[in-house]
Each structure stands twice: as structure tokens, then as C-alpha cells.
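Working notes, structure below.
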Amino acid sequence: IFLVPIVVDNIISEKRIQFREKMNVHINVDLKKSFGLFVIANPNELSRVISNLINNAVEALPNQSGNIDVSVFTNAKDNVCIQIKDNGSGIPKHVLEKLGQAGITHGKENTQSGSGLGVYHAIKTIQEFGGHIKFHSVTTDELPNTTFNNSTGTTISIELPKANTPSWFADSIQLNSRQEFVTVDDDISIHQI
């Protein structure tokens, strides 16, 4: 059992460093609705999945310019949702239907990657955790009078079953004004919370 926003925040920090030389690529994160969201999964494997999907999103941006927005929240089914959205060129419907099969890839003609195994691995891993992954995409061909903006691109939604909050985690802490409190923990993310 682990806190999802901590894992996502760490990945975003790594990706910002990894892509720091791509000045026009902006990786944004919204964790405002993620407090206390726990899942039962392997955090290293989930990190790898999210990392690969963000890499794919960066590679899909035309002219190495655009936004990647990552958010964590609960959906109507009370599942934990991790959403990765880019405003790139999108994935055509005929490719989108086959996405997740080993060897199917799109938009990586000028890169070192492109075997299609990353998305295949992502789908299988999320299924092993009892969740599922959805891909939604709008291409510039579908909106011919637009340029790359928030109308085009791909949205990936990962849904995982929400785990019960562990007894050691405080859902809320009531503080009065001018009340002093001390945090004792060796994990900096706990201090940030």
C-alpha cells in the first residue's frame, strides 16, 4: 500500500530534469485532489509505466513544443485515476484500436524507441494491479482547421482500485491558530504533506 501522489510527484520531478533541455516542453502536475489516495500495487512498476507514458507523450509533441498535464484524483467509481494528457498530434483511430498490441506504435518515426512494447507493458501491468487503462485521442486530421492546442492530443487514464487508508495515516489534522506542531519522519514527502 502506498500513496499515489508521492510516486507521481517523484516521477514528474525526474521527467522535468530529463527533459530540461527541451525548453518548450512543459510537464505540469495537479495533485490538489489526491490527498490520501492509496493503492495496492508495486510502486516501482507503476512508476515505470507512468514514466514510459510521459516519454511517449513528449515524443508525440510536434516540434518538441507543448504541454503534458498529469493529474491524480478519484473518479465517480471511487477509483484512483492517474491522467496523462498531451496536446500533441494525436493518434489516428485505426492505430488507437490496435494500441497495446506488441509491435504497434505511432508517432516515433524520428526516435530511438518505437517497438510498441511500452504501451503493451503498461496495459498488462495495470491489469495485474486490478485496474485498467483507457486511451482517448483527437488528431489534427479530425480537426483540420486547428493547430496543435488543447483540442488535439492524447489523454491516457489509468484507473486503479482505491485501497483503504492505513491506520498510520491521518486523514485530517485539526490545528488551532498559533498551535505548534512537530513532524518527525525521514521521508521528505511526509514533511511536504
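Within the stretch 156-181, can you find the residues that are modelled with pLDDT under 95 and of a type in the set (Ser, Thr, Tyr)?
165, 167, 172, 177
Here's the yes/no breakdown for (1) in contact with a Leu (Cβ under 6 Å, 6 or more places away or on another chain); (2) modelled with pLDDT of 95 or more; (3) at negative phi; (4) open to solvent by 20 Å² or more (accessible area, probe 1.4 Å):
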{"site": "61", "(1), (2), (3), (4)": "no, no, yes, no"}
{"site": "64", "(1), (2), (3), (4)": "no, no, no, yes"}
{"site": "92", "(1), (2), (3), (4)": "no, no, yes, yes"}
{"site": "104", "(1), (2), (3), (4)": "no, no, yes, yes"}
{"site": "111", "(1), (2), (3), (4)": "no, no, yes, yes"}
{"site": "117", "(1), (2), (3), (4)": "no, no, yes, yes"}
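Please work out which residue is surrounded by the most Cβ atoms within 10 Å (Cβ to Cβ), limiting yourself to the stretch 182-193 and to residues that are at pLDDT 80 or above and charged (D, E, K, R).
So the residue we want is 185.
For the structure I just gave you, tell me whether residue 56 is modelled with pLDDT under 95, part of a helix (DSSP H, G or I) and surrounded by 22 or more Cβ atoms within 10 Å (Cβ to Cβ).
yes
Can you pull out every residue in the stretch 14-36 that is in contact with a strand residue (DSSP E or B) (Cβ under 9 Å, 6 or more places away or on another chain), open to solvent by less than 100 Å² (accessible area, probe 1.4 Å) and either in a helix (DSSP H, G or I) or free of Cβ contacts under 8 Å to residues at least 60 places away in the same chain (or both)?
Passing the criteria: 15, 19, 24, 25, 26, 27, 28, 29, 30, 31, 34.
The values are calculated or read from the model by the stated rules, or taken from the named source; none is laboratory data. This one's a predicted model, so the numbers in the text were calculated from it and none came from an experiment. Virtual Cβ from ideal backbone geometry, glycine too; neighbours counted across all protein chains shown. Please note that ligands, DNA and RNA were not included when accessible areas were found on the heavy atoms of the full protein model with its side chains. Shrake-Rupley method; radii C 1.70, N 1.55, O 1.52, S 1.80 Å.
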